[in-house]
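Below: the structure, in structure tokens.
A short reminder: the numbers here are calculations on the coordinates, not readings from a lab. Just so it is clear, the model here is predicted, and its values are computed rather than measured. Every residue, glycine as well, gets a Cβ built from its backbone with ideal geometry; the counts of neighbours run over all protein chains shown.
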């Protein structure tokens with residue numbers, strides 16, 4: 001049914017496991033058969049007194065057990081690798097096993113009476129197992145070969161070229177040479193074998209197709225759910241749908257804002273996508289798509305003669321002969337259609353339509369998630385840009401007011417009374433807090449739009465850390481806080497921006513100095529671990545209560561003891577730090593005990609030899625928020 005080649009995938013892995021499992025069952029059956037041959041021979045000869053050729057039958061049983069041991073070793077090697085490339089190897093092993101089994105059964109049949117043998121129908125059991133193991137027309141070939149083997153043994157015994165072993169006293173001695181008896185036994189055997197194989201093959205074919213569809217649907221789900229990027233979801237959906245249905249091409253058309261027109265959003269295997277994009281689909285003119293968007297799949301078995309196909313590009317440029325249209329229906333209504341193409345007429349049937357609907361349902365869910373994520377991202381960027389614009393406009397008047405207040409406080413505009421000076425200083429403190437909030441809001445907005453404005457480049461960590469430590473050295477000395485740094489001379493370079501790294505370390509080191517009381521210690525340590533740079537900022541300050549740790553990265557959150565300390569702060573710093581660290585492809589964690597101190601650990605991947613291309617880290621796609629370590 002396939003009209004496009006596909007490489008080894010999940011279904012081939014399932015086939016390999018299934019074939020290996022059934023082969024092990026065949027091997028187990030052969031152990032039983034190989035053991036029963038000598039036991040049954042001994043019982044029939046010694047117990048029942050039947051004139052069986054005892055020694056040759058013992059040799060047959062020993063031969064079966066011997067080659068079975070070899071197959072156990074060969075099959076286990078393929079099972080342990082689970083490499084789909086071993087599938088042809090496993091099938092060759094099955095063919096070899098069948099050939100040896102039939103040779104052994106032919107000898108056993110001859111030794112137990114030939115055409116008169118009661119063991120004749122053991123062939124049927126083996127044919128049943130071969131049908132389970134091998135797909136396609138192979139089992140019918142084995143029926144023909146098996147019937148030929150039975151007929152050949154009968155004719156050779158009848159002509160005297162092979163000796164005949166008469167083992168059933170109740171059967172006339174000359175029956176094996178009766179042409180009518182031989183013909184009736186062979187015909188009955190062949191008819192039974194063909195009927196058995198046909199029924200079993202029909203059932204196995206349907207089961208294998210269901211297994212293939214389940215595996216393919218799993219692949220589709222995995223592909224479209226592996227990302228929230230809308231373009232990647234669209235591309236994964238059309239590619240996975242074409243591969244799952246084993247066809248050369250597929251396209252996805254989404255409804256535009258008016259809900260009246262379908263626009264090409266993604267295609268796979270289409271030779272001229274730009275031409276297909278020109279073929280605008282208006283629902284009022286496309287009965288095929290209207291039918292699909294009503295909730296049912298549409299099968300076009302012959303595109304050339306079906307009036308519902310209005311786009312000449314499909315017929316003339318792409319030469320598609322049949323197509324299948326499945327609707328993408330989300331929770332809020334129709335999203336668009338998934339079109340699947342074949343260059344063979346009458347390629348799609350009801351079963352493929354049901355399968356395409358299952359793929360479309362998975363795709364619609366992934367598509368809605370991607371659309372929601374895209375809308376959320378754009379909304380967040382819009383909000384961040386608005387905050388940035390407003391706070392930027394506030395910065396100038398606040399800075400002007402601070403400058404005028406400093407002139408008044410310093411007495412440059414005339415002498416002030418103590419009460420006036422106290423009021424102005426308190427107003428100055430409030431304006432300083434407002435200025436800090438404005439700066440933090442600007443930093444927060446910048447961290448949310450950083451991927452649009454700050455290209456990543458190699459940045460050496462040592463100069464940035466030293467600059468921040470020097471910035472807070474005077475404040476630490478004034479508070480009698482020991483500020484120590486352990487920075488190795490070996491340059492450690494990461495993919496980031498100097499401004500962003502400065503914000504990260506300024507916040508962490510500044511907080512450590514700010515929240516560490518007199519006589520305390522703040523230490524900054526930089527080290528290399530495998531392919532990452534690890535920066536720790538540890539202090540002996542007020543620490544963070546355990547109940548506050550899970551909320552530490554939330555915007556505007558401040559620990560309860562920090563609020564009680566009346567130390568000014570906005571609660572935005574750590575949120576900004578986390579966003580920047582994750583944007584640089586790193587991780588941040590915290591350990592803290594209230595009253596004993598806090599340690600922040602930042603891990604950043606080192607820049608590779610290829611520089612800082614978009615593949616260096618998960619830029620623009622924040623990683624999951626790390627849980628604070630208590």
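Projected label points at residue 382 and residue 206, each 7 Å from Cα along the beta carbon direction, are separated by 5.3 nanometres.
Residues 285, 368, ranked from the fewest to the most other C-beta atoms within 10 Å, line up as 285, 368. Here's the picture: a label point sits 7 Å out from the Cα of residue 486 along the beta-carbon direction, and within region 508-524 the residues with their amide nitrogen under 18 Å of it are 509, 521-524. Roughly what % of DSSP beta bridges within the chain run antiparallel, to the nearest 5? DSSP beta bridges in the chain are roughly 90 percent antiparallel. Label separation (residue 471 vs residue 188): 9.8 nm, computed from points 7 Å beyond Cα along the C-beta direction.
Ignoring everything except DSSP H segments at least 4 long, calculate the 222 nm mean residue ellipticity for the chain; use -39,500 (n - 2.57) per segment, divide by total residues, nearest 500. Write down the numbers at each step before the final one.
Details: 17 runs with 345 residues, N = 630.
Calculated from helices alone, the mean residue ellipticity at 222 nm is -19000 deg cm²/dmol.
From the alpha carbon centroid of region 276-306 to that of region 579-594 is 52 Å.
Residues of region 339-380 with backbone nitrogen within less than 15 Å of a virtual label 7 Å along the Cα-to-Cβ line of residue 296, please, listed as ranges. Correct set: 350-351, 353-354, 357. What is the calculated FRET efficiency for residue 431 to residue 214, with r their C-beta to C-beta distance and R₀ = 60 Å, to the nearest 0.05? After rounding, the FRET efficiency stands at 0.35. Taking label positions 7 Å along the Cα-Cβ direction at both residue 128 and residue 556, the computed distance is 7.4 nm, reported to one decimal.
Ranking of 30, 222, 426 by neighbouring Cβ atoms within 10 Å, starting from the fewest: 426, 222, 30.
Note that the chain shows a convex hull volume over its alpha carbon atoms of 259 Å³ per residue.
Based on Cα contacts under 8 Å between residues 6+ apart, the chain shows a relative contact order of 8 percent.
Compared with the direct C-alpha span, the chain from residue 170 to residue 521 gains 115.8 nm at full extension, assuming 0.36 nm per residue. Between the helical axis of 138-158 and the longest alpha-carbon principal axis of the chain there is an angle of about 20 degrees. Say a paramagnetic label sat at a point 7 Å from the Cα of residue 178, along Cα to Cβ; which residues of region 103-145 have their backbone N under 14 Å from it? Flagged as within label range: 115-117. Here the residues 217, 574, 28, ranked from fewest to most Cβ neighbours within 10 Å of their Cβ, fall in the order 28, 217, 574.
Would you mind giving the three semi-axes, in whole Å and largest first, of the ellipsoid equivalent to region 230-374 according to its Cα gyration tensor? Don't skip to the end; give the middle numbers.
On the way: eigenvalues 89, 53, 45 Å².
So the three semi-axes of region 230-374 are 21, 16, 15 Å.
Within region 45-186, the ratio Rg/Rh, alpha carbon atoms throughout and Rh by Kirkwood, equals 1.04. If R0 equals 45 Å, the separation of the Cβ atoms of residue 25 and residue 229 corresponds to a calculated FRET efficiency of about 0.50.
Roughly what percent of Cα-Cα pairs across region 454-616 reach past 26 Å? Please list the in-between numbers first.
Numbers: 3408 of 13203 pairs.
Taking all Cα-Cα pairs of region 454-616, the fraction more than 26 Å apart is 26 percent.
Inter-part distance, region 19-37 to region 91-135, computed on C-alpha centroids, equals 12 Å.
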